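One structure is given here, and the rest of the page talks about it.
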Amino acid sequence: MRLVIATCSVSYSGRLNAHLAQATRLLMVKADGGVLIHSDGGSYKPLNWMSPPATLRITAPDAQQIEAGISEVWTVSATKSDDTLSILISEIHEDVSHELGADPGLVKDGVESDLQRLLAEQIELLGAGHRLIRREHPTPIGPVDLLARGPQGHVAVELKRRGDIDGVEQLTRYLELLNRDPLLAPVQGIFAAQQIKPQARTLAEDRGIRCLVLDYDAMRGVDDADSRLF
C-alpha cells in the first residue's frame, strides 16, 4: 500500500469524463492495482478512482507541464477497457509505503447464522410450548431456517438481520411447499429479524405470517433488557 499526499489535478477519461482542479489530496495506490483519490471529507468514498486490474505508469512532465509547475505525471490505465486516470502532481508532501500482508476479511457480528443458532437454543422466544424440530429444514427451493412445533402445529421460521419484503416473499414460498406435505400441514410462518421494515411487516401480517423482532445482544447474554432505563 502506497499513500501519497500531494498537490495535484486529476482527469478521468473513458466511459465518462471528469476533472478535479488542483488541490491537496490523498492518493492511495493499492497492491491489487487500484488507485483512489481522497479529499479530507466525504467519509469513505473517493473523489475518483480506477478499479483493478489497472497499470500505473509514472513519467516526467513535458515542457509545457514543467512550465505549469508539474513535477510528475501519473497515468493509470484500466486493463480491460480504454479508461484512463491522469494525475498531474505539482508537489508531494508525504510519501509512505507499507506491506499490509494478507487480510483475514471482515467477520460480521450478528450474521444470520448466529441468529439461527441462538434462536434454535432459545426456541421459547417463539412463545410458550414451542420445541425445535430441526435447523435448515430442506424444501425443494432451499432450506427454511428453523422448523419448530408449537401448540397449534408446525411453524417455519425465516431469519434475517434486516427484514424486508424479499424475506417475506421467501418465507411465503417455503410455506406453500411445506403445506403440501400432509405430515407437516398446517404450517404457520414466523418472520424473525433484528429489524423489520414497516412494508415487510404489513405484507407478512396480510399473509398470516407472524413477525418477531429479535434482540441479538440479549440473546447472546451481553445485554440485560430488564435493567434498561429506556
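Quick check on my filter: what residues within the stretch 123-137 are surrounded by 14 or more Cβ atoms within 10 Å (Cβ to Cβ) and touching a helix residue (DSSP H, G or I) at 6+ places or on another chain (Cβ under 9 Å)?
Hits for the stretch 123-137 are Leu125, Leu126, His130, Leu132, Arg135, His137.
Cβ-Cβ under 7 Å, sequence separation 6+ or interchain: first residue in the stretch 78-98 and among the aliphatic types (A, V, I, L, M), partner open to solvent by 40 Å² or more (accessible area, probe 1.4 Å) and assigned to a strand (DSSP E or B). Which pairs?
So the pair list comes out as Ile89/Glu72; Val96/Leu3.
Within the stretch 49-69, how many residues turn out to be of a type in the set (D, E, K, R) and more than 42 Å from the chain's Cα centre (by Cα)?
Taking the stretch 49-69 as the starting set, the residues that turn out to be of a type in the set (D, E, K, R) are 57, 62, 67.
Those still in the list that are more than 42 Å from the chain's Cα centre (by Cα) too: 62, 67.
Summing the residues that are of a type in the set (D, E, K, R) and more than 42 Å from the chain's Cα centre (by Cα) in the stretch 49-69 gives 2.
Which residue is surrounded by the most Cβ atoms within 10 Å (Cβ to Cβ), if the candidates are limited to the stretch 182-230 and must be of a type in the set (Lys, Arg) and at pLDDT 95 or above?
This residue is Arg201.
Is there a residue in the stretch 171-181 that is in a strand (DSSP E or B) and either at pLDDT 95 or above or within 18 Å of Ala120 (Cβ to Cβ) (or both)?
No.
Within the stretch 137-159, count every residue that is in contact with a Leu (Cβ under 8 Å, 6 or more places away or on another chain) and among the charged types (D, E, K, R).
So the answer is 2.
Which of the residues spanning the stretch 78-98 are farther than 22 Å from Leu3 by Cβ and of a type in the set (Asp, Glu)?
Matches in the stretch 78-98: Asp82, Asp83.
Restrict the check to the stretch 118-134 and report whether at least one residue is free of Cβ contacts under 8 Å to residues at least 60 places away in the same chain, under 19 Å from Gln195 (Cβ atoms) and within 27 Å of the chain's Cα centre (by Cα).
No - not one qualifying residue is present in the stretch 118-134.
Given the criterion touching a strand residue (DSSP E or B) at 6+ places or on another chain (Cβ under 9 Å) and under 30 Å from Ser11 (Cα atoms), identify the matching residue among His130, His93.
The conditions single out His93.
Say whether the condition of being open to solvent by 40 Å² or more (accessible area, probe 1.4 Å), at pLDDT 95 or above and touching a strand residue (DSSP E or B) at 6+ places or on another chain (Cβ under 6 Å) is met by at least one residue in the stretch 108-118.
No.
In this structure, does Val155 turn out to be touching a His at 6+ places or on another chain (Cβ under 8 Å) and crowded, with 17+ Cβ neighbours inside 10 Å?
Details: touching a His at 6+ places or on another chain (Cβ under 8 Å): yes; crowded, with 17+ Cβ neighbours inside 10 Å: yes.
Here the answer is yes, as Val155 does meet what is asked.
I'm trying to understand the selection: among the residues of the stretch 3-52, which are open to solvent by 60 Å² or more (accessible area, probe 1.4 Å) and in a strand (DSSP E or B)?
Answer for the stretch 3-52, where residues must be open to solvent by 60 Å² or more (accessible area, probe 1.4 Å) and in a strand (DSSP E or B): Leu3, Ile5, His19, Ala21, Gln22, Thr24, Trp49.
Can you spot a residue in the stretch 161-170 that is surrounded by 18 or more Cβ atoms within 10 Å (Cβ to Cβ), free of Cβ contacts under 8 Å to residues at least 60 places away in the same chain, outside any helix (DSSP H, G or I) and not aromatic (Phe, Trp, Tyr)?
yes
Would you mind stating whether Gly142 is more than 21 Å from the chain's Cα centre (by Cα) and closer than 21 Å to Met219 by Cβ? Full working, then the answer.
On the way: more than 21 Å from the chain's Cα centre (by Cα): yes; closer than 21 Å to Met219 by Cβ: no.
Spelling it out, it is not the case that Gly142 is more than 21 Å from the chain's Cα centre (by Cα) and closer than 21 Å to Met219 by Cβ.
The values are calculated or read from the model by the stated rules, or taken from the named source; none is laboratory data. All values derive from a computational prediction rather than experimental measurement. Methodologically, a virtual Cβ is constructed for each residue, glycine included, from the backbone with ideal geometry; neighbour enumeration extends over all protein chains shown. Heavy atoms of the whole protein, side chains included, go into the accessibility calculation; ligands, DNA and RNA do not. Shrake-Rupley method; radii C 1.70, N 1.55, O 1.52, S 1.80 Å.
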